[in-house]
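Before any comments, here is the structure.
Read-outs: derived from the displayed coordinates by stated rules, not from any lab. Because the structure is a prediction, the values reported are computed rather than measured. Don't worry about glycine lacking a Cβ; one is built from the backbone with ideal geometry, like all the others, and counts go over all protein chains shown.
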Amino acid sequence: MKKGDKSKKLLYLAYDQGLEHGPIEFNDKNVDPAFILKIAKRGKYNGVIFQKGIAEKYKKEIKRSKVPLIIKLNGKTNLYMGEPIARQLCTVKEALHLGAIAVGYTIYLGSAYESEMMQEFEKIEREAHENRINVIAWIYPRGKSIKGRKEGELMAYAARTALELGADIVKLKYNGNPKDLRWTVKTAGKTKVVVAGGIKMREKEFLKEVKDIMGSGAAGIAVGRNVWQNPNPFEVTKKIRNIVFG
Ligand code: FBP
């Protein structure tokens, strides 16, 4: 991806929910990372997002599929309680070794541990850029401090934080308001905005949301559950592609 080129559209397939939410979200088919790779390959996704463990264990399948690999460098389970923090679990060096074309890292904006995550992110970013790979910042406002703050404002704050920190791409959650997202994209400057898919919704509603997201100037989406929980992941991918690249 050319730095600062906001015109290139992006479609990523996220599959780190096994760690973040647990296998409760999977069925007999989508529990298998090899099936996810099939969706990503056939759907010509710009990248599939895995944690290090899956990237290691399915190295052969990933290589064979030729799907660009993005490794999420930090994470946590949803059993953890307290102020949100996700620490680094994989290094940039390991990700490069596994063939990653980009790395991702979550910062819980507003958390009592925000500064720790920002500092870890900064080190990762420096190493990634030295090695000429992109860094995607998942920026999710969370924790006690954000209570009472407007979602739209926080979304724009997340985007601006990503720009200030030097992320190439920011992945954030959409508040459902296209006007707020338009402003968010502006605040991100040369950092590209991709929107997370969120909890599984009716296909029609989800596609409408993707239209709004793209209409607001976002670079694309990084979707998980709304694709691999869909009974027809290949079909819904085609529809999403038509909106994102169409
Ligand atoms: P979905 O499209 O399934 O929502 O995935 C996007 C994502 O950012 C994943 O990468 C991650 O596992 C999950 O959402 C985290 O969601 P949350 O922190 O809200 O539980």
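Some observations on this one:
- Gyration tensor verdict on the chain (Cα atoms; rounded if a/c is under 1.5, prolate if a/b is larger than b/c, oblate otherwise): rounded
- Here the Karplus relation 6.51 cos²θ - 1.76 cosθ + 1.60, evaluated at θ = phi - 60°, turns the backbone of region 72-78 into coupling constants of 7, 8, 10, x, 7, 8, 8 Hz, with x for every Gly and Pro.
- Alpha-carbon centroids, region 9-58 and region 207-242: separation in whole Å: 15 Å
- Set Lys41/Lys190; Lys29/Lys123; Lys44/Lys150; Lys57/Lys144; Lys63/Lys123; Lys123/Lys144 screened for pairs whose C-alpha atoms are more than 30 Å apart: Lys29/Lys123; Lys44/Lys150; Lys57/Lys144
- Between the residues Val135, Pro231, Val195, the greatest Cα displacement towards the positive end of the dipole of region 10-245, with unit charges on the Cβ of Lys, Arg, Asp and Glu, is found for Pro231.
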